[in-house]
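The values are calculated or read from the model by the stated rules, or taken from the named source; none is laboratory data. From a predicted model like this one, the values you see are computed outputs, not experimental measurements. With ideal geometry, Cβ positions are generated from the backbone for all residues, glycine too; neighbour counts draw on all protein chains shown.
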Amino acid sequence: MTTPRRALIVIDVQNEYVTGDLPIEYPPVETSLANIGRAIDAAHAASVPVIVVQNLAPATSPIFATGSEGAALHAVVTSRGYDHQITKSLPSAFAGTDLADWLTQHQIDTLTVTGYMTHNCDASTINHAVHAGLSVEFLHDATGSVPYENSAGFASAGDIHRVFCVVLQSRFAAVASTDQWIDALYGGKPLGRGSIYASNQKARITQASVAAPS
């Protein structure tokens, strides 16, 4: 078993998601912030590089406006050290940044994703990383979602987060808790990822058992 060459990426942990106009609802932001801090601390202890990402929008934007308090990095990040920082304006942390080059330069083969939001910048970054040939880990309790309602309907933060976690585990990332990741980190082991086929087969068995007459 090859020990993963990990980097921890902390995506958009900014005040906008905590005290601003886009508050994370699920998991509770206090939970995810605490776990993000724990993940950073564990990465430092294991000599795993930490990458911090900051999303910035034009000064006229209602959220993440450059120079605003909402766009500033949260104290859980600024109170800790990190090895590299990038700014972005698109969902994927790879888009228009030096992230891919930095990971190649440091011979990283596994990207561990934390931060916000599960369904937007996290998912976009994860998909981008997979297409670039990286293994990906996603810490489900060090991330979070907000609710949406638009012309397509309504979805709660909990529903969005849970569904994205299931989909990510089926192909794109090894979805785990912060505790599970820390154990794997200190043990030098990779985390297990599912497959589309296995995920679908298990779901069909579950559906059939529910539908079966008693």
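Overview of values
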| item | result |
| --- | --- |
| Tabulated pairs, the range 43-64, first closer than 21 Å to G81 by Cβ, second in a helix (DSSP H, G or I), C-beta under 6 angstrom, 6+ apart or interchain | A46/L185; V50/I40; V50/A43; V52/V77 |
| Every pair of residues 6+ apart whose Cβ atoms lie under 6 Å, when the first sits in the range 170-182 and is closer than 15 Å to T31 by Cα while the second is in a strand (DSSP E or B) and modelled with pLDDT of 95 or more | S177/D141; T178/L139; T178/D141; T178/A142 |
| Every pair of residues 6+ apart whose Cβ atoms lie under 8 Å, when the first sits in the range 5-18 and is under 13 Å from G37 (Cα atoms) while the second is of a type in the set (G, A, S) and not in a helix (DSSP H, G or I) | I9/A93; I9/G115; V10/G115; I11/A93; I11/G115; V13/G115 |
| Filter result (more than 16 Å from P91 (Cβ to Cβ) and in a loop (DSSP other than H, G, I, E, B)) within the range 12-23 | V18, T19, G20, D21, P23 |
| Any chance I126 is in contact with a strand residue (DSSP E or B) (Cβ under 7 Å, 6 or more places away or on another chain) and aliphatic (A, V, I, L, M) | yes |
| Residues being in contact with a strand residue (DSSP E or B) (Cβ under 6 Å, 6 or more places away or on another chain) and within 15 Å of P4 (Cα to Cα) - total across the range 157-191 | 4 |
| Residue satisfying all of: in the range 70-119; touching a Phe, Trp or Tyr at 6+ places or on another chain (Cβ under 6 Å) and part of a helix (DSSP H, G or I); farthest from V166 (Cα to Cα) among these | A100 |
| Residue satisfying condition, being crowded, with 20+ Cβ neighbours inside 10 Å and assigned to a helix (DSSP H, G or I), within set I40, I9 | I40 |
| From the options S145, S156, S135, S92, residue that is in contact (Cβ under 8 Å) with a residue 60 or more places away in the chain and touching a His at 6+ places or on another chain (Cβ under 6 Å) | S145 |
